[in-house]
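What follows draws every value from the coordinates through simple rules; no lab data is involved. If you're wondering where the values come from, they're calculated on a predicted model, not measured in any experiment. Ideal geometry is used to build each Cβ from the backbone, glycine not excepted, and the neighbour counts take in all protein chains shown.
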Amino acid sequence: MRFEGIAFILVLVGSITAQVRLSEIMFRPDTLSNYTEFVEIVNVGSTPVELTGWKIGDSLDVDAILPHNGNAVLLPGQYGIILDPGYFDHALIYDELIPDTALILTIEDASFGRYGLRNAPPLTVYLYNAGGELVDSYRYSSDNPPGYSDEKIDVNGPNSPQNWANSRRFRGTPGSVNSVTPQPVDLAITAVEPVDSLLWDNQPFSLRVGIANHGTTPVEAFSLTAYLLQSGRELITEKRLNQFLLPAEDQVVILDGLMLPAGFQRLQIVVRVEGDADTTNNMRETVLFVESSRAAIIINEILFEPRPGESEWVEIFNGGEVALNLTHYLLTDFKDTLQIPDQAGNLLPGEYWVLTGDSALMELVKHPDQVIVLSRFPTLNNDVDELSLLSPAGRLLDRVRYTDDWYGHSVPKGTSLEKINPWLASQNSENWTASVAVQGSTPTEVNSVFVETPPVKTTLQIQPNPFSPDNDGQDDFTVISVQLPSATGYITCRIFDTRGRLVRTLAMNQPVGNTTHMVWNGLKDNGTPARLGMYVVLVELYSTRTTDRYSLKGVVVLVR
């Protein structure tokens with residue numbers, strides 16, 4: 001009888017200790033890794049387990065498990081969190097995550113095992129009872145991002161790789177039900193992305209939202225809500241969806257009817273379903289860039305061959321109707337792509353900014369607060385280069401592929417290339433010329449060669465008229481403005497002297513929009529100056545919509 005009693009006691013002890021399972025291992029913390037590794041255990045049985053004398057470790061060393069607050073009894077269904085001894089004085093990052101119901105434990109050594117829980121290759125964690133018997137073991141994975149633990153899916157199941165997974169929550173679930181353990185009802189948002197690559201202000205757009213049923217029961221209906229996160233939390237839209245999701249099923253749903261102002265906007269998308277047991281995975285935040293439909297950012301002046309000791313720069317102009325925050329807008333050339341920094345601020349309508357790599361330029365300009373210094377400013381080629389302005393979403397705002405002969409004549413170093421009018425086509429060399437300013441350039445100011453292009457009220461307008469192309473900065477160019485009777489078409493523009501001889505061809509079957517502007521600098525087609533006198537401007541239009549043809553004539557006078 002005595003031996004039978006002993007055998008009964010041994011069986012009882014073995015069955016009780018087998019109730020305790022490893023349930024979570026944090027081997028790759030995101031910070032303070034010497035103090036923030038942890039191992040979680042759970043009592044899956046129906047009776048309490050006294051953990052005094054228990055040990056935990058790896059194949060090299062095991063450490064005694066100690067109570068942190070004097071209590072070492074793990075109750076049925078209770079989770080125990082075993083923390084590094086240094087955690088309590090140096091870290092405390094899990095304090096808000098660990099529930100009051102958890103049993104807090106530690107170890108007598110300075111670290112788990114001999115050297116702590118190694119990130120790679122993975123180790124096997126062993127749990128022993130007070131009698132030295134192996135109670136549980138698990139070889140953790142090594143594919144976890146920092147701050148994401150290994151969690152057991154079914155705590156009553158085996159320790160196979162299929163029954164463990166990376167935690168869905170940053171810093172895991174210490175002392176509570178694992179995030180990968182299925183609940184009866186548990187919907188999660190897995191992804192959020194816009195349907196269209198470009199979003200425009202005050203125009204409706206849609207989001208693709210990934211929804212996953214992590215629960216053990218089907219879901220028949222749920223709601224999606226979008227909030228704008230700025231100074232507060234502003235409701236944008238809410239949508240009720242009657243969609244059936246089986247357990248472990250993923251679906252992509254469309255959340256439409258959203259409208260946002262221009263700029264970077266932070267959104268929060270929330271899924272809601274009745275009875276959801278885990279609401280920590282119900283929300284996703286995303287930052288979207290919304291293009292401004294009233295913005296026009298233009299490359300207006302370029303200094304690509306400065307004087308010795310001075311810097312290169314590019315001037316941009318806001319020709320739009322609204323101020324624009326240029327944070328994260330891009331300037332590119334043949335070799336480099338540069339991002340405008342966060343502290344750039346707002347470019348106001350009609351305002352000029354200069355982008356450069358040298359802060360010394362601030363001392364030389366009229367408006368130093370309109371100089372933006374970029375790190376690694378590109379070295380602009382003197383013979384040929386291509387500059388582009390892009391929005392953060394990659395939309396091309398303006399592009400200039402210049403060559404050194406765009407100056408029109410020989411100039412000294414330190415002379416910038418100026419646009420005759422910001423609204424003229426940037427890719428046309430006729431719309432650019434050398435600065436005639438005394439200092440050789442006009443950074444942060446109106447260009448020295450600026451020519452006004454008034455709104456076209458008639459089909460053909462020439463201004464200034466007369467003009468004097470003598471490079472003195474006064475009326476050096478004339479702008480020929482043409483308005484087509486249709487949205488698009490082709491234009492030919494030629495200039496003749498009074499004897500009917502062709503002097504200059506400004507356009508030949510060139511595709512244009514409803515309104516176009518062309519510049520004549522007073523030169524013939526062969527590059528020599530035209531003589532003083534009157535010239536006939538002949539414009540021929542061909543409408544792509546109606547196939548109609550039109551012919552317009554005007555007179556321009558060239559003086560000195």
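Ordered by residue, what ³J(HN,Hα) values in Hz, to whole numbers, does segment 435-442 give under the Karplus form 6.51 cos²θ - 1.76 cosθ + 1.60, where θ = phi - 60° and Gly and Pro are x?
Result, rounded to whole Hz: 4, 10, 5, 4, 7, x, 6, 9.
Using Cα pairs under 8 angstrom and six or more residues apart, how large is the relative contact order of segment 187-291, in percent?
Numbers: 257 pairs, mean separation 36.9, N = 105.
Result for segment 187-291 is 35 percent.
Given PHE450, GLY345, SER426, which one lies farthest toward the positive end of the charge dipole of segment 294-450, if we put +1 on the Cβ of every Lys and Arg and -1 on the Cβ of every Asp and Glu?
GLY345
In nm, to one decimal, how far is the modelled label at ALA323 from the one at TRP423, with both set 7 Å along Cα→Cβ?
2.4 nm
Please list, in chain and number order, the residues 5+ apart from ALA507 or on another chain whose amide H is under 5 Å from its amide H, with Hs placed from the backbone.
CYS493
What are the residues whose amide H is under 5 Å from the amide H of TRP313, where those residues sit 5 or more places off or on another chain and H is modelled from the backbone?
For TRP313, whose amide H was placed from the backbone, the distant partners under 5 Å are LEU303.
Suppose R0 equals 25 Å; then what is the FRET efficiency for VAL195 and THR279 from their Cβ-Cβ distance, rounded to the nearest 0.05?
On the way: r = 26 Å, r/R0 = 1.06.
My answer for the efficiency is 0.40.
Using +1 at the Cβ of each Lys and Arg and -1 at the Cβ of each Asp and Glu in the chain, identify which of ALA360, TYR79, LEU330 lies farthest towards the dipole's positive end.
Selected residue: LEU330.
Which of the peptides 243-255, 289-301 is most tightly packed, and how do the rest follow, judged by the mean count of other Cβ atoms within 10 Å per residue?
Numbers: 243-255: 14.2, 289-301: 20.2.
Result, highest mean first: 289-301, 243-255.
Nearest 0.05, what FRET efficiency do VAL270 and ASP143 give at R0 = 25 Å with Cβ-Cβ as r? Can you show the working numbers first?
Values: r = 29 Å, r/R0 = 1.17.
Once the sixth-power term is evaluated, E becomes 0.30.
What is the spread of the Cα atoms of segment 187-291 along each of their three principal axes, largest first, in whole Å?
Cα extents, longest axis first: 42, 26, 18 Å.
How much of the pair distance distribution for segment 292-342 lies past 12 Å, counting alpha-carbon pairs only, in percent? Write out the running numbers ahead of the final one.
Numbers: 931 of 1275 pairs.
Of all Cα-Cα distances in segment 292-342, 73 percent exceed 12 Å.
Give me the dipole magnitude in Debye, nearest 20, for the chain about the Cα centre, with unit charges on the beta carbon: positive for Lys and Arg, negative for Asp and Glu. Spell out each step's value before the answer.
Values: 39 positive and 68 negative charges, 425 e Å.
Result for the chain is approximately 2040 debye, rounded to the nearest 20.
Quick check: pseudo-label points 7 Å beyond the Cα along Cα→Cβ at GLN439 and ASP475, how many nm apart are they?
Distance between label points: 2.8 nm.
How big is the C-alpha Rg of segment 36-189 next to the rule-of-thumb value 2.2 N^0.38 Å, as a ratio?
On the way: Rg = 14.8 Å, N = 154, 2.2 N^0.38 = 14.9 Å.
Expressed relative to 2.2 N^0.38 Å, the Cα Rg reads 0.99.
Quick one: order LEU258, LEU338 by neighbouring beta-carbon count within 10 Å, fewest to most.
Placing the least packed residue first, the sequence is LEU338, LEU258.
Among VAL271, SER293, LEU396, whose Cα sits farthest toward the positive end of the charge dipole of segment 244-402 (+1 at Cβ of Lys/Arg, -1 at Cβ of Asp/Glu, about the Cα centre)?
SER293
When the expected Rg is taken as 2.2 N^0.38 Å, what fraction or multiple of it is the alpha-carbon Rg of segment 46-124?
Working: Rg = 13.2 Å, N = 79, 2.2 N^0.38 = 11.6 Å.
It is 1.14.
Applying the Karplus parametrisation 6.51 cos²θ - 1.76 cosθ + 1.60 with θ = phi - 60° to the phi angles of segment 227-235, what ³J(HN,Hα) value in whole Hz is obtained for each residue in order, glycine and proline being reported as x?
10, 9, 9, 10, 6, x, 10, 9, 5
Per residue, how big is the convex hull of the chain when only Cα atoms are used? Give it in Å³. Numbers along the way, then the final one.
Details: hull volume 120.1 nm³, N = 560.
It comes to 215 Å³ per residue, whole-number rounded.
Tell me, in nm to one decimal, what length is gained between GLN203 and ARG499 on full extension, where the rule is 0.36 nm per residue of separation less the Cα-Cα distance? Write down the numbers at each step before the final one.
Numbers: separation 296, 0.36 × 296 = 106.56 nm, distance 5.56 nm.
My answer for the length gained is 101.0 nm.
Check which residues have an amide H placed less than 5 Å from LEU258's amide H, if you skip close sequence neighbours.
Under 5 Å from the amide H of LEU258 lie the amide H atoms of PHE205, each far enough along the sequence or on another chain.
So if I restrict to the alpha-carbon atoms in segment 365-519, what is the Rg, and what is Dmax, the biggest pairwise distance, in Å?
17.4, 57
Can you list the lysines whose alpha carbon sits under 27 Å from that of LYS419, skipping same-chain ones fewer than 8 residues off?
Result set, ordered by chain and number: LYS335, LYS366, LYS457, LYS524, LYS553.
What dipole magnitude, in Debye to the nearest 20, does segment 131-216 give about its Cα centre under +1 on Lys/Arg Cβ and -1 on Asp/Glu Cβ?
Approximately 80 debye in magnitude.
So how do LEU558, LEU330 line up by other beta-carbon neighbours within 10 Å, fewest first?
Details: LEU558 22, LEU330 16.
In order of increasing Cβ crowding within 10 Å: LEU330, LEU558.
Please give the charge dipole size of segment 16-166, origin at the Cα centre, charges +1 on K and R Cβ atoms and -1 on D and E Cβ atoms. Round to the nearest 20 debye. The partial results should precede the final answer.
On the way: 7 positive and 21 negative charges, 75 e Å.
The calculated dipole for segment 16-166 is roughly 360 debye.
Residue by residue, what Karplus-based ³J(HN,Hα) values in Hz, rounded to whole numbers, does segment 373-388 have, using 6.51, -1.76 and 1.60 with θ = phi - 60° and x for Gly and Pro?
8, 9, 6, 6, 4, x, 7, 7, 5, 7, 8, 7, 7, 10, 9, 9
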